[in-house]
Amino acid sequence: MTFGQPEGQHAPLSDRLASDYRQVVDIHSDDPVVGACLVCRVSRCEDWRFASERLFGFVEQQAEQATVASLPERQSDQS
Ligand SMILES: [Zn+2]
């Protein structure tokens, strides 16, 4: 099955799909008290991982360099 999507290229999520994934991330995010997804009873459950990867995966890749560059600063912040 094909959706007319070029291979090896990340298609941007449609608004509908993005809001669906956002809902899944919201429902399946770890509860601060329980420390796990309240639906699956698993920390960072599969549903949460799948949806957040779709939602934030490409963002993380783009921001990776900036994050790595700013990491060492945090450790030397304590005195
Ligand atoms: Zn879950």
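Heavy-atom accessible area per residue, the stretch 15-58, 1.4 Å probe: how many Å²?
Working: 3250 Å² over 44 residues.
Result: 74 Å² per residue.
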For this session: Starting from 0 in steps of 10 Å, tell me what percent of the Cα-Cα pairs of the stretch 15-58 lands in each bin.
Result: 35, 49, 15, 0
Seminar exercise, completed: For C37, other-chain or 5+-apart residues with amide H closer than 5 Å (H placed, Pro excluded) are D31, V42, S43, R44, C45
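The values are calculated or read from the model by the stated rules, or taken from the named source; none is laboratory data. Nothing here was measured: the structure is a model prediction, and the numbers come from that model. We work out accessible area using only protein heavy atoms, side chains counted, and drop any ligands, DNA or RNA first. Shrake-Rupley method; radii C 1.70, N 1.55, O 1.52, S 1.80 Å.
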